[in-house]
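Trainee: Got a structure for you, questions after.
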Amino acid sequence: MKIILDCDPGHDDAVAMLLACQHLEVLGITTVSGNVPLERTTENALKVVELGGIKVPVVRGAHRPLVREPHHALDIHGRSGLDGPELPQPVTPLHGQHAVEFIIDTVLATDEVRLVPTGPLTNIALALRLEPRLAKRVPEISLMGGSLTFGNRTAAAEFNIYADPEAAQVVFTSGIPIKMSGLNLTHQAGVGRSEIAQLRQLGNRTGTVVAAMLEFAVGAYAQVYDQDYYPLHDPCAVAALIDPSLIQFQPYFVQVMLEGPARGMTLCDQRRRGAPYWQEPNAQVGIKLDRKRFFDLLIDTLRQYP
Ligand code: RIB
Ligand code: CA
């Protein structure tokens with residue numbers, strides 16, 4: 001299965017990259033401003049491909065949301081965006097294009113390229129607006145973002161959607177089939193001390209580095225949210241494509257709130273068909289994760305790296 005992974009590394013994005021590159025044909029890793037500013041998400045993506053010996057082009061994208069001022073999550077990911085481990089210095093040069101051009105050119109030139117965004121949806125929205133043919137050529141978008149229930153950046157909104165709600169609006173109204181891995185799902189993929197210990201026991205550099213990444217993230221979540229685990233948000237969007245049996249989805253009409261206190265909320269209509277103002281579903285929303293098999297996949301994948 002061919003994909004483009006669009007991300008804002010970010011601790012969970014880094015794990016999503018390692019998971020995707022072992023199981024899917026990743027044609028490119030595009031970066032976007034999100035968890036930290038673009039220069040650092042891009043630097044982090046280059047460091048992760050170096051860590052894994054991954055031969056996939058890294059392509060820099062949008063340096064800020066479509067309309068809103070940039071909004072970052074240094075409280076979770078640290079100043080570098082990947083605080084915690086020592087990471088190898090990048091050797092691979094950046095791919096020369098802008099991510100939006102790369103996405104358009106790749107999707108026009110190659111059939112059946114799925115998009116897997118795990119950060120704010122700025123690059124995806126720009127590509128859809130610049131090249132309308134993409135909406136018919138992209139078979140599916142599997143994204144990490146939104147929530148059926150609670151938010152994290154605000155009571156209502158999840159970070160990726162909150163950071164660029166207008167971009168999310170473009171994606172959710174594009175007509176492209178969407179798998180949405182939101183917070184209600186990704187919090188079922190919580191990493192704690194035992195998973196970190198399993199990673200350290202792999203005995204390889206990647207396991208040790210990812211353990212250090214997650215140790216930092218668990219500490220940040222304890223500080224910011226008083227939770228004793230770190231949800232592996234972004235790997236859920238990748239796992240949904242690797243093994244569809246890992247996640248149960250339900251079709252809902254999802255509306256992105258653009259203004260007011262609920263800005264960035266993904267309002268999912270769970271009422272029955274035909275209820276007042278009911279609309280046809282525009283997304284498959286993740287409901288239930290097979291947590292054991294998800295972690296078995298993750299550990300087995302990281303074992304395969306140097
Ligand atoms: O809300 C979680 C999402 O925001 C994840 O993608 C994380 O990496 C941050 O981008
Ligand atoms: Ca992310």
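Trainee: When only residues in segment 105-128 that are outside any loop (DSSP other than H, G, I, E, B) and within 12 Å of ligand 2 (Cβ to nearest atom) count, which is surrounded by the fewest Cβ atoms within 10 Å (Cβ to Cβ)?
Mentor: Result: 116.
Trainee: Then there's this: Can you tell me which condition residue 116 does not meet? The list is (1) within 16 Å of ligand 1 (Cβ to nearest atom); (2) among the hydrophobic types (A, V, I, L, M, F, W, C); (3) free of Cβ contacts under 8 Å to residues at least 60 places away in the same chain, and all the others hold.
Mentor: The one condition residue 116 does not meet is (3).
Trainee: Hey, among the residues in segment 259-277 that are in contact (Cβ under 8 Å) with a residue 12 or more places away in the chain and exposed (fewer than 13 other Cβ atoms within 10 Å of the Cβ), which one's farthest from residue 157 (Cα to Cα)?
Mentor: My answer is 270.
Trainee: So, one more: Could you check, for segment 87-106, whether at least one of its residues is more than 11 Å from ligand 1 (Cβ to nearest atom), at positive phi and of a type outside the set (A, V, I, L, M)?
Mentor: No, every residue in segment 87-106 fails to be more than 11 Å from ligand 1 (Cβ to nearest atom), at positive phi and of a type outside the set (A, V, I, L, M).
Trainee: Which one is surrounded by the fewest Cβ atoms within 10 Å (Cβ to Cβ), of the residues in segment 3-45 that are among the polar types (S, T, N, Q), over 10 Å from residue 61 (Cβ atoms) and over 14 Å from the mean Cα position of the chain (by Cα)?
Mentor: 22
Trainee: Continuing with the same structure: State all residues of segment 219-242 that are more than 21 Å from residue 23 (Cβ to Cβ) and β-branched (Val, Ile, Thr); if no residue qualifies, say none.
Mentor: Within segment 219-242, 224 is the sole residue that qualifies.
Trainee: Moving on to the next point. Grab the helices (runs of 4 or more DSSP H) fully contained in segment 129-244, keeping just those with 2 or more residues being at negative phi and in contact with a strand residue (DSSP E or B) (Cβ under 8 Å, 6 or more places away or on another chain).
Mentor: Fully inside segment 129-244 and qualifying: 159-163, 165-172, 183-186, 205-225, 233-242.
Trainee: Which number in (1) within 15 Å of ligand 2 (Cβ to nearest atom); (2) buried (at least 19 other Cβ atoms within 10 Å of the Cβ); (3) not in a strand (DSSP E or B) marks the one condition that residue 102 misses?
Mentor: (1)
Trainee: If the requirement is being more than 13 Å from ligand 1 (Cβ to nearest atom) and small (Gly, Ala, Ser), which of these qualifies: 34, 28, 10?
Mentor: Matching residue, one of 34, 28, 10: 28.
Trainee: A follow-up question, please. Here are 210, 256: which of them is buried (at least 20 other Cβ atoms within 10 Å of the Cβ) and more than 19 Å from residue 76 (Cβ to Cβ)?
Mentor: 256 is the lone residue from the list that is buried (at least 20 other Cβ atoms within 10 Å of the Cβ) and more than 19 Å from residue 76 (Cβ to Cβ).
Trainee: Right, here's the next one. Could you please find all residues in segment 253-282 being outside any strand (DSSP E or B) and within 21 Å of residue 166 (Cβ to Cβ)?
Mentor: 257, 258, 259, 260, 261, 262, 263, 264, 265, 279, 282
Trainee: Restrict the check to segment 40-47 and report whether at least one residue is under 12 Å from residue 80 (Cβ atoms), away from ligand 1 (no atom under 14 Å from the Cβ), touching a residue at least 40 places away in the same chain (Cβ under 8 Å) and in contact with a Pro (Cβ under 6 Å, 6 or more places away or on another chain).
Mentor: yes
Trainee: Then there is this: How many of the residues in segment 142-170 are more than 12 Å from ligand 1 (Cβ to nearest atom), under 21 Å from residue 235 (Cβ atoms) and surrounded by 24 or more Cβ atoms within 10 Å (Cβ to Cβ)?
Mentor: Result for segment 142-170: 2.
Trainee: Additional query: Take the conditions closer than 16 Å to residue 256 by Cβ, in contact with a helix residue (DSSP H, G or I) (Cβ under 8 Å, 6 or more places away or on another chain), within 11 Å of ligand 1 (Cβ to nearest atom) and small (Gly, Ala, Ser) and apply them to residue 182. Does it pass?
Mentor: It is false that residue 182 is closer than 16 Å to residue 256 by Cβ, in contact with a helix residue (DSSP H, G or I) (Cβ under 8 Å, 6 or more places away or on another chain), within 11 Å of ligand 1 (Cβ to nearest atom) and small (Gly, Ala, Ser).
Trainee: Looking only at segment 46-63, filter to residues that are in a helix (DSSP H, G or I) and under 17 Å from the mean Cα position of the chain (by Cα); which one of those is farthest from residue 23 (Cα to Cα)?
Mentor: Per the criteria, the residue is 46.
Values quoted throughout were computed directly from the atomic coordinates according to the rules given, and no laboratory measurement underlies them. Treat the numbers as computed from the prediction; the structure is a model and nothing was measured. FYI the Cβ positions are ideal-geometry reconstructions off the backbone, even for glycines, and counts take in every protein chain you see.
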